[in-house]
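Here the structure comes first, spelled out in structure tokens, and everything after it is commentary.
Throughout, read-outs are computed from the coordinates displayed, never taken from laboratory work. Model, not experiment: these values are computed from the prediction. We place every Cβ from the backbone using ideal geometry, glycine too, and count neighbours over all the protein chains shown.
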Amino acid sequence: MEIKDKFNGTLFGQAIGDALGLGTEFMTKTEAKEKYPDGLKEYSQIIRDYHRSKFQQGMWSDDTDMMLCIANAIIEDKGINLHTIARKFKNWLYAPDTRGVGQTTYKVLAIANYVENPQQVAELIWRMSRTKNAANGAIMRTAVIGLLKDNVAKTAEDVCKLTHFDPRCVGSCVIISEIISHLVWKNEKLSYAQILAIGNQYDKSIAEYIDKAYYNGIESLELDEPSSIGYTLKVLGAALWCFFNAHDFEEGLLSVVNEAGDADTNAAVACAVLGAEFGYEAIPKRYIDGLMKREYLSKVINDLMAVLA
């Protein structure tokens with residue numbers, strides 16, 4: 001039962017963080033305070049402006065959609081097949097209700113031969129950005145890789161590189177996936193030193209965000225800084241801050257959401273980690289009950305457990 005609690009905690013945690021985070025997505029912290037003077041705490045508070053009116057209250061965004069593409073590919077193949085995941089991504093891109101696709105993800109998936117050569121296409125797009133682009137479109141979907149028992153780091157690398165080739169993206173995906181896998185399968189928290197060692201294998205700049213999360217308050221991450229809100233290491237920092245500091249699921253959720261910025265992504269990843277740590281039973285029931293498509297999410301989790309557990 002504990003494994004089931006952690007599977008449900010991880011993926012419901014992701015979806016809940018995504019759905020509530022939509023309420024402050026693309027705002028500065030100051031704007032979020034103006035819209036939600038007492039803080040955003042409930043789906044029902046989410047304002048209905050141009051961006052948010054595209055989503056029903058309690059509905060997740062592209063972050064969880066893409067995570068579910070991976071989950072459904074694992075269910076279909078009873079394991080990891082990168083071409084199946086790439087095909088699921090491509091089909092999702094052109095589905096009628098798809099919205100909120102990130103620029104890097106769109107550029108990669110829109111290439112004609114993407115499904116046949118996904119990592120080569122992703123590397124080409126990265127090199128065309130002069131190897132400067134380290135967006136958060138891969139870390140946002142990586143939590144499901146943490147539900148694997150074995151070969152987690154290599155799989156997280158490979159799935160990240162289906163769209164995001166930068167080593168900062170790869171390293172941040174591996175860290176989150178390994179943290180979740182250790183929580184789910186070993187009931188063990190990776191230490192600061194272990195996380196730092198993983199990050200240093202990929203890119204030395206990852207250490208700065210690990211340190212901010214470990215030593216400082218969440219505000220030190222400047223999650224709402226407009227020119228960098230989509231940076232993969234911002235998301236990593238938010239998730240690690242919760243991992244190191246949050247005493248329960250709700251504390252982490254509300255801390256991240258009310259920092260604003262790319263809040264749905266930051267909270268999706270942070271709450272997947274919190275869900276893996278504290279379990280489904282520790283998530284306040286109102287966040288589960290108010291989630292759209294929760295029956296569908298439960299079915300995917302059960303089918304995934306049949307393959308992985």
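Evaluating 6.51 cos²θ - 1.76 cosθ + 1.60 at θ = phi - 60° for every residue in the stretch 143-151, the Karplus couplings come out as 3, 5, 5, x, 7, 6, 7, 10, 6 Hz, glycine and proline recorded as x. Of the residues Ala213, Val273, Gly230, the one whose Cα sits farthest toward the positive end of the charge dipole of the chain, with +1 on the Cβ of Lys and Arg and -1 on the Cβ of Asp and Glu, is Gly230.
Note on Glu219, Glu123: ascending count of other Cβ atoms within 10 Å places them as Glu219, Glu123, the fewest first.
Of the GluC sites (Glu not before Pro) found in the stretch 6-94, the ones in coil according to DSSP and having at most 15 other Cβ atoms within 10 Å of their Cβ are Glu42. Here the relative contact order of the stretch 2-308, from alpha carbon pairs under 8 Å that lie six or more residues apart, stands at 33 percent.
Looking at the stretch 1-61, the chymotrypsin sites (Phe, Trp or Tyr not before Pro) that sit in a DSSP loop and have at most 13 other Cβ atoms within 10 Å of their own Cβ are Tyr50. Packing here is the average count of other Cβ atoms within 10 Å per residue, and on that basis the peptides 258-269, 205-216, highest first, run 258-269, 205-216. A quarter of the convex hull surface defined by the alpha-carbon atoms of the chain gives 14.0 nm² as the mean projection.
Applying a 4.7 Å Cβ-Cβ cutoff to the chain, the cysteines left without a disulfide-compatible partner are Cys69, Cys169, Cys242, Cys271.
Holding the Cα-Cα limit at 24 Å, pick out from Lys4/Lys29; Lys78/Lys186; Lys6/Lys212; Lys41/Lys204; Lys88/Lys285 the pairs that are longer than that. Among Lys4/Lys29; Lys78/Lys186; Lys6/Lys212; Lys41/Lys204; Lys88/Lys285, the Cα-Cα distance tops 24 Å for Lys4/Lys29; Lys6/Lys212; Lys41/Lys204; Lys88/Lys285.
Legend: ranking of residues Cys173, Cys271, Cys69 from fewest to most surrounding C-beta atoms inside 10 Å; resulting order Cys69, Cys173, Cys271. Rounded to the nearest Hz, the phi-derived 3J(HN,Hα) couplings of the stretch 206-217 under the Karplus curve 6.51 cos²θ - 1.76 cosθ + 1.60 (θ = phi - 60°) are 5, 4, 4, 7, 5, 5, 4, 5, 7, 9, 10, x, where x marks glycine and proline.
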